[in-house]
Each structure stands twice: as structure tokens, then as C-alpha cells.
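Below is one structure, written out as C-alpha cells; comments come after it.
The values are calculated or read from the model by the stated rules, or taken from the named source; none is laboratory data. Predicted model only: the values in this text are computed from it and were never measured. Note that we place each Cβ from the backbone using ideal geometry, even for glycine, and neighbour counts take in every protein chain shown. Note: accessible area is taken over every heavy atom of the protein model, side chains too, but ligands, DNA and RNA are not part of it. Shrake-Rupley method; radii C 1.70, N 1.55, O 1.52, S 1.80 Å.
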Amino acid sequence: MDHKNLIGHDGAVHEGLLNSRTGFLIDVACDAGRYSVVHHYEHLDPARVSDAPLSCPACVAASPPAAGSLHRGRLAHRYAEDVLARADSRGYPPGLDDEALRLAFVALAVEEPPSRRLYALIREHLADMLTDRALAVPEGIPQVLVPYRRYTGGEVQAPVGPGDRLMRDGVASGHFPIVRVEAVEESPTGVTVTVREKDWRPFTWSAQELGRCFFKLDRAPLPATAAER
């Protein structure tokens, strides 16, 4: 997520929270809400991004080092980290709907669970984290790219690594099996990718075939991150 100073409709400079990949304005630090800067159904006008210091008193009070507590954007990020850590420990991606978030906080036994008003912000942070993870390039792995539909919008080419979940593009057959990548290796004929569906026998694809027949669902938890959590 990006934090930028934005000029509101009232002329005050607010602290804005933006999606780092799409530039979508998610919220501002004060209770005025995003529509104090943009109109309904409109994108953020780049001319509203300012280098001027914050002048909205509530945004100033909510921003470090003045803030004694985190404002909504940073608080939502902290909750999102907890939800993602729990999902990683279970080996599945986190649910992004309201009920999945509610159940995650029940399972986490959070003393003061967030209100549902904060769920949209938590969801944005989770989407950003999952997109960053899926597009990270695995170290020491031959490059193989497959289509990936980003949580934050749009389709890009994403690198494939061990542990990734891929889905077979079964538009013609109506069959969309999900497989997990077991290995990406160099061979005399080029780079090959070994995948396994359920507990069945693994099978191998060339990098070119994989890019034509599969698209990426998500990246497995990064080992360092999982170990820290």
C-alpha cells in the first residue's frame, strides 16, 4: 500500500491510502472517507496528489509520530498480517469475504476484533499481499511464466515455483483441475515443470506447454515468512 498526501474537495491536505499496483484510492486517515477526495464512480485525479504537508487536523493527529494509536489503514494492515499468517499455517489462501474474515478473527481469538466497517480495508491489504507474493520471483529457479489474474485487477505473466497452485485452462473440456507445482528443473530439452493433482502420480510439462495450458492461482507461503510466523 502507498501513503500519499491528497488535496480534498475542501482544500485540506489529507493522508490517503492507495493500492500500490492500481493506484486506487482506498481511504484517508481521517473519518472523512475517500469521497472527501474523489467523487462517486470516479478515479483519483493525479492532480490531487500533493507534496504539501498534511493540513487536515484529524489526519495529522492520526499520523505518526503524533498518533498514539494506529489509524485505520495501518490497523487494517496489522489485522491482514494476522489473517494471512493463520492461513499460511493451515496451508490454504485466506478467504476474502466478510464471513471468512469474521471466522478468522474468531479462530485467532482477537481480544478486540475489528468492526465490519474495517473489513473492506483488511481485504484490500490481503489482496495486495497475495498479489506481491504471487509475483515474487523464486530464487534459484529457472524462469517459467504463466498467466495470473491479479487480486488487484488485470492479468499479467507470473513466475512459477515449487508449491504454487495452478489451474488447468479447461474452457474447451469444462474440466478445471487444480495442481500443485513440485519442481521446476533444467533438462536437456529445456525447462520442465513437475506438477501433481491430488495424490495422483505427478506428471511433467515443458515450460511452453505449461504457459499455454495453465494459469496461476496463488503462490505457496514463503519459507522465511512462514518460519517467522
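Of note:
- Counted residue by residue at 0.36 nm each, then reduced by the alpha carbon distance between them, the extension gain from Met167 to Glu185 reaches 4.5 nm.
- The ellipsoid that matches the Cα gyration tensor of the chain has semi-axes, each √(5λ) in whole angstrom, of 39, 20, 15, with the longest given first.
- If the convex hull is drawn through the Cα atoms of segment 1-54, its volume per residue in Å³: 72 Å³
- Karplus (6.51, -1.76, 1.60) ³J(HN,Hα), θ = phi - 60°, over segment 41-50, in Hz, Gly and Pro reported as x: 6, 10, 7, 5, 6, x, 5, 7, 6, 10
- Neighbour count of at most 12 Cβ within 10 Å plus DSSP loop: longest chymotrypsin sites (Phe, Trp or Tyr not before Pro)-free window in the chain: 42-199
- Long-range HN-HN contacts of Leu217 with modeled amide H, under 5 Å: Arg165, Leu166, Met167
- Taking a sphere under 11 Å around the Cβ of Cys56 and counting the other residues whose Cβ falls inside, with K and R at +1 and D and E at -1, yields a net charge of -3.
- Å² per residue, accessible surface of segment 1-82 at 1.4 Å: 55 Å²
- Put simply, the amide H of Ala183, placed in the peptide plane, has neighbours under 5 Å in Thr194, leaving out anything fewer than 5 places away on its chain.
- Evaluated on segment 1-120, the Kirkwood hydrodynamic radius is 15.6 Å, with distances taken between all distinct Cα atoms.
- In this structure segment 149-220 gives 57 Å² per residue of accessible area when probed at 1.4 Å with all protein chains present.
- Where labels lie 7 Å past Cα in the beta-carbon direction, separation of Phe203 and Arg149 in nm: 2.3 nm
- The orientation-averaged projection of the convex hull spanning the C-alpha atoms of segment 75-202 amounts to 10.1 square nanometres.
- Axis of helix 98-108 versus longest Cα principal axis of the chain: the two differ by about 90°, to the nearest ten degrees.
- Using θ = phi - 60° and Karplus 6.51 cos²θ - 1.76 cosθ + 1.60, couplings along segment 17-23 (whole Hz; Gly, Pro as x): 10, 10, 5, 5, 9, 9, x
- Computed [θ] at 222 nm, helices only, for the chain once each DSSP H run of length n ≥ 4 contributes -39500 (n - 2.57): -8500 deg cm²/dmol
- Computed over neighbours whose Cβ is under 13 Å from that of Ile7, the net charge equals -2, Lys and Arg +1, Asp and Glu -1.
- Rounded percent of accessible protein surface that carbon and sulfur make up, the chain, 1.4 Å probe: 52 percent
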